[in-house]
Amino acid sequence: MKKIFPILIILSLLLTSCGTVEVQSDKMQVYTSFYAMYDFARTIGGDDADIHNIVPTGTEPHDFEPTAADIARLSKADVFIYNGGIDGWAEKVAANLPETVRVVCASENLSGTESDPHIWLNFYNAQMQMESIYKAFATADNGNSQKYLDRMTEYTSKLDRLEEEYENAGLRGKKLFVTHGAYGYLCEEFGMEQIALEGISGESDPSPAQMAAVVGQIKNEGAPCIFYDPLEGDKMARIVASEADIEALPLYTFEGDGENRDYLTIMRENLNQLKRII
Ligand SMILES: [Zn+2]
C-alpha cells in the first residue's frame, strides 16, 4: 500500500500539468465575450489580471456561438464582461453562471444598444464601458483597485486627446459610405451621416437594387471612397468602388483584430482613414 500513494500523487500532478486543467494562477481570472471587451479589460487589468477572450481574436462576433467547453471555462471566471446586443449568446450564458462569477454588461446604462450594439465606437461610450469594467475589477480584486484606477485614468486621458483631434478634423456634416453599418455612434458623436450597404449585423449580402442605390448616392454626393472592415472582408466594397469609380478603404469596427492592436491605435488609424472624406 505504501507505494501506491506516491504514484497517485505523481499521476495527479502530471494530469494537472498536461493541459487537462487550465494553468493555476493567483491573479483575478477575467473572461470577455469578444475583442473590444477583451482589449478594454487588458488595458485596465494590466499584469494584475489574467484576461481570456471567448470569440477568437480574428473572428467576426455577430453570429458566434460558444462551445460547451467555452461555457465550462466561463463558470470558473471571477469576472465575465460582455457588451450586450452583438453578443446575445453571452447574455443567455451569463444568466446561468454560478453566483461566484461577477457579470458585467458593459453597455448597461448606455442608451440605444437594442437597435445598434456597436456602442464602443464612440469615445464617451467607450470610456463609460471602461469605467464599468474598472468598478467590477476594483470590487472583485480590491487589493489592486488603485492600479486599475490609475490605468483607466491614464488611458482615458489619452482617449480625450484623440477625441479632440476627431472634433477638430472637420468631419461634421460629412457622409460616410460603409459596407457594415457599425459606425452610427461614431457618426452621432462627430456630426457625420452613415450610409450603409448592409445592415447593422453585417450578415446578409445586399441585393442588386441596394447596390445600385448606394452607387447612385455615391455618384450624386461625389464621395471619394467606401469603407469596409477588414475583419469582414472587402468583397462588397470593391464591387461598389469599381461601379462608382472610387476607392475602397479600411475602417475598423474593432469587433476583432488579427494584429492584436488596442483601441487607441485603431481609433487613430480610423481617423487617418476618415481624413479622406474631408
Ligand atoms: Zn458589427
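The values are calculated or read from the model by the stated rules, or taken from the named source; none is laboratory data. Everything quoted here is computed from the prediction, not taken from an experiment. Please note: Cβ atoms are built from the backbone with ideal geometry, for glycine as well, and neighbour counts cover all protein chains shown. Note: accessible area is taken over every heavy atom of the protein model, side chains too, but ligands, DNA and RNA are not part of it. Shrake-Rupley method; radii C 1.70, N 1.55, O 1.52, S 1.80 Å.
Name the pairs whose Cβ atoms lie under 6 Å apart, with the first residue in the stretch 116-139 and over 21 Å from residue 160 (Cβ atoms), the second open to solvent by 10 Å² or more (accessible area, probe 1.4 Å) and within 16 Å of the ligand (Cβ to nearest atom), and 6 or more positions between them or separate chains?
Matching pairs, first to second residue: 116/184; 116/200; 117/85.
Of the conditions (1) under 19 Å from residue 185 (Cβ atoms); (2) in a helix (DSSP H, G or I); (3) among the polar types (S, T, N, Q), residue 107 clears all except one; give me its number.
That leaves (2) as the condition not met.
(1) free of Cβ contacts under 8 Å to residues at least 60 places away in the same chain; (2) open to solvent by 50 Å² or more (accessible area, probe 1.4 Å); (3) within 16 Å of the ligand (Cβ to nearest atom): which one isn't true of residue 64, the others all being true?
(2)
Restricting to the stretch 193-229, name every residue that is without any contact (Cβ under 8 Å) to a residue 24 or more places away in the chain and closer than 19 Å to residue 266 by Cβ.
194
Of the residues that make up the stretch 175-184, is at least one away from the ligand (no atom under 16 Å from the Cβ) and farther than 18 Å from residue 36 by Cα? Walk me through it before giving the result.
Pass one, the stretch 175-184, residues away from the ligand (no atom under 16 Å from the Cβ): 175, 177.
Those left that are additionally farther than 18 Å from residue 36 by Cα: 175, 177.
Scanning the stretch 175-184, I find at least one residue that is away from the ligand (no atom under 16 Å from the Cβ) and farther than 18 Å from residue 36 by Cα, so the answer is yes.
When you go through 107, 75 one by one, which is the residue that is surrounded by fewer than 18 Cβ atoms within 10 Å (Cβ to Cβ), of a type outside the set (Asp, Glu) and either at pLDDT 95 or above or within 16 Å of the ligand (Cβ to nearest atom) (or both)?
Of 107, 75, the one residue that is surrounded by fewer than 18 Cβ atoms within 10 Å (Cβ to Cβ), of a type outside the set (Asp, Glu) and either at pLDDT 95 or above or within 16 Å of the ligand (Cβ to nearest atom) (or both) is 75.
Picking from 198, 269, which residue would you name as being in a helix (DSSP H, G or I) and either surrounded by fewer than 22 Cβ atoms within 10 Å (Cβ to Cβ) or of a type in the set (Lys, Arg) (or both)? It would help to see each step written out before you state the result.
Working: 198 fails: in a helix (DSSP H, G or I).
The match here is 269.
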